[in-house]
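A.B. asks: Got a structure here, written out as structure tokens. Questions coming.
The values are calculated or read from the model by the stated rules, or taken from the named source; none is laboratory data. Worth saying up front: this structure is predicted, and the values here are computed from it rather than measured. Every residue, glycine among them, receives a Cβ derived from its backbone with ideal geometry; neighbour counts consider all protein chains shown.
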Amino acid sequence: MAAEPPLSQLRKGVVELAVLGLLADEPRYGSRLVDDLAAHPVLAISAGTVYPLLARLRRAGLVDSTWRESPVGPPRKYYTLTAAGRAGLDGQTATWRRLVDTLDDILQKGPR
Amino acid sequence: MIASLDQLSPAARSVADEFLATIPDADQRAERHTHLLDHLGAGAGAGEVAALVADLTAPDALAATGGRARADGARRPPLPRRLREAWWDPENPKVLVPRVLGWGVDVNLGAVAVRLGLLEPDGQDQPLDGVPEPALLAALAGPVLLTAGIAGSYARERTRLPRELPVHWDARGRADRRAGHGPAVGVPFGAALAGSALAAATTLAGRPVPERAAATGAAWMFAIAGAGVWACTVTDTGEARPLAGPALALATLGVPLGVLTALARAGRRAEIRRDLGGR
């Protein structure tokens, strides 16, 4: 099997953090979450990645989902962070910041 | 899928609690608890919980998945669960997935339904869960009736049928091989019967709703294929029928797609009623 491109591996590591971060702002339904993530091309996240991730986060108790009436059509399933999800987001965010600081340090000091 | 065992009826909850109380190890108990939440719907009865518990109380090599141990010691889920996971996975955008039985690929009809705009990828918390019992039973009736129809058709027509009947057609739809009544009717009837029997057995065993729905979809596939082949057999005139094969292939996939989509939408409506307070 061919090795995965490095950028793809990096993206995989941050998809969950990106989803939790967006849901921390406000509840979102699935297709809106996909659109909001697609607005950041560097993430290159597709619906095929988002929906299985949402299912996994729901099974893990980090997000909750509920159907709500929509003003412009049929009901939509909205996702929200649970208390465990917020704690997970806080933890991952702290880890991310440490990683970024460390990598910045290494890249500034190391050979180009 | 449910968020808490509190969503079960008292009888079903009692079965689940009794099972969890038999597990001394806390980590294992938590794992089994999660497994129950993932594989039960809010309408699960005590029998359904007992069936799932029976899977989990098999010898350790089988306990996590409730399936048969392979020769290499790995665990394999029961066939209806494997069918559901392969044939109806709307969250997976891939239409072609590894085959459940044998080699090759299977069609993820859930992905097809999403691409056709018939269903959202997350239309249900757990695919094919929460389908009302009347809808499940009504869906099962179709393959059973088709199977009976093949047998009834043969019983009615056998005296007027030629001694040898078509059992294979070439690419132009012309019969190029014939055999006696045994194989000519046995194969299509057997296929239809096998599918219906699997779906009926899954229902009688009290398997979880998603597995029953998937088995019913499989039953439709085999029943349509069997009935279609039998129809081609008894209406054969020796002429080429180039559209018969493609039409049958389309129906063999299209009808189960329609049935499973209808069942998924019924489950989706049940979820919406749950969340919107019965509206």
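A.B. asks: Please identify the pairs in which a residue from segment B:158-171 that is closer than 11 Å to B:Val234 by Cα has its Cβ atom under 7 Å from the Cβ atom of a residue that is surrounded by fewer than 10 Cβ atoms within 10 Å (Cβ to Cβ) and not basic (Lys, Arg), counting only partners at least 6 apart or on another chain.
C.D. replies: No pair meets every condition.
A.B. asks: Please go through segment B:100-111 and pick out each residue that is more than 14 Å from chain A (Cβ to nearest Cβ) and either surrounded by 12 or more Cβ atoms within 10 Å (Cβ to Cβ) or at pLDDT 90 or above (or both).
C.D. replies: Selection gives B:Val100, B:Val105, B:Asp106, B:Val107, B:Leu109.
A.B. asks: Report yes if A:Ala18 is crowded, with 18+ Cβ neighbours inside 10 Å and at pLDDT 90 or above, otherwise no.
C.D. replies: yes
A.B. asks: In segment B:202-231, which residues are more than 10 Å from the chain's Cα centre (by Cα) and at pLDDT 95 or above?
C.D. replies: B:Phe222, B:Ala223, B:Ile224, B:Ala225, B:Gly226, B:Ala227, B:Gly228, B:Val229, B:Trp230, B:Ala231
A.B. asks: If a residue has to be within 13 Å of chain B (Cβ to nearest Cβ) and either at negative phi or crowded, with 16+ Cβ neighbours inside 10 Å (or both) to count, how many in segment A:34-79 make the cut?
C.D. replies: 32
A.B. asks: While we're on this one: Restricting to segment A:37-61, name every residue that is modelled with pLDDT of 85 or more and either in contact with a Phe, Trp or Tyr (Cβ under 9 Å, 6 or more places away or on another chain) or among the polar types (S, T, N, Q) (or both).
C.D. replies: Listed by number, the residues that qualify are A:Thr49, A:Leu54, A:Leu57, A:Arg58.
A.B. asks: Conditions first: (1) touching a helix residue (DSSP H, G or I) at 6+ places or on another chain (Cβ under 7 Å); (2) under 23 Å from B:Glu48 (Cα atoms); (3) surrounded by fewer than 18 Cβ atoms within 10 Å (Cβ to Cβ). B:Ala251 passes all but one, so which condition is the exception?
C.D. replies: Result: B:Ala251 passes all but (2).
A.B. asks: How about segment B:225-248: which of its residues are in a loop (DSSP other than H, G, I, E, B), in contact (Cβ under 8 Å) with a residue 24 or more places away in the chain and surrounded by fewer than 18 Cβ atoms within 10 Å (Cβ to Cβ)?
C.D. replies: Within segment B:225-248, B:Gly238, B:Glu239, B:Ala240, B:Arg241, B:Pro242, B:Leu243 meet the criteria.
A.B. asks: Here is a list: B:Arg273, B:Arg207, B:Arg265, B:Arg177. Which entry is under 28 Å from B:Leu128 (Cβ atoms), without any contact (Cβ under 8 Å) to a residue 12 or more places away in the chain and of a type in the set (D, E, K, R)?
C.D. replies: Going through B:Arg273, B:Arg207, B:Arg265, B:Arg177 in turn, just one is under 28 Å from B:Leu128 (Cβ atoms), without any contact (Cβ under 8 Å) to a residue 12 or more places away in the chain and of a type in the set (D, E, K, R): B:Arg273.
A.B. asks: Of everything in segment B:119-158 that's of a type in the set (S, T, N, Q) and modelled with pLDDT of 95 or more, which residue is nearest to B:Leu83 (Cα to Cα)?
C.D. replies: Per the stated criteria, the residue is B:Thr147.
A.B. asks: Anything in segment B:9-36 that is in contact with a Leu (Cβ under 9 Å, 6 or more places away or on another chain) and modelled with pLDDT under 80? List them, or say none.
C.D. replies: B:Arg29
A.B. asks: Of a type in the set (Gly, Ala, Ser) and modelled with pLDDT of 70 or more - does that describe any residue in segment B:65-83?
C.D. replies: no
A.B. asks: A further question on this structure: Checking B:Glu120 against (1) surrounded by 12 or more Cβ atoms within 10 Å (Cβ to Cβ); (2) in contact with a Gly (Cβ under 9 Å, 6 or more places away or on another chain); (3) away from chain A (no Cβ under 14 Å), only one condition comes out false. Which one?
C.D. replies: Going through (1) surrounded by 12 or more Cβ atoms within 10 Å (Cβ to Cβ); (2) in contact with a Gly (Cβ under 9 Å, 6 or more places away or on another chain); (3) away from chain A (no Cβ under 14 Å) one by one, B:Glu120 breaks only (3).
A quick yes/no check of all residues on (1) within 23 Å of B:Ile272 (Cβ to Cβ); (2) free of Cβ contacts under 8 Å to residues at least 60 places away in the same chain:
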{"residue": "A:Lys12", "(1), (2)": "no, yes"}
{"residue": "A:Leu22", "(1), (2)": "no, yes"}
{"residue": "A:Ser46", "(1), (2)": "no, yes"}
{"residue": "A:Tyr51", "(1), (2)": "yes, yes"}
{"residue": "A:Leu57", "(1), (2)": "yes, yes"}
{"residue": "A:Gly88", "(1), (2)": "no, no"}
{"residue": "A:Arg98", "(1), (2)": "no, yes"}
{"residue": "A:Leu103", "(1), (2)": "no, yes"}
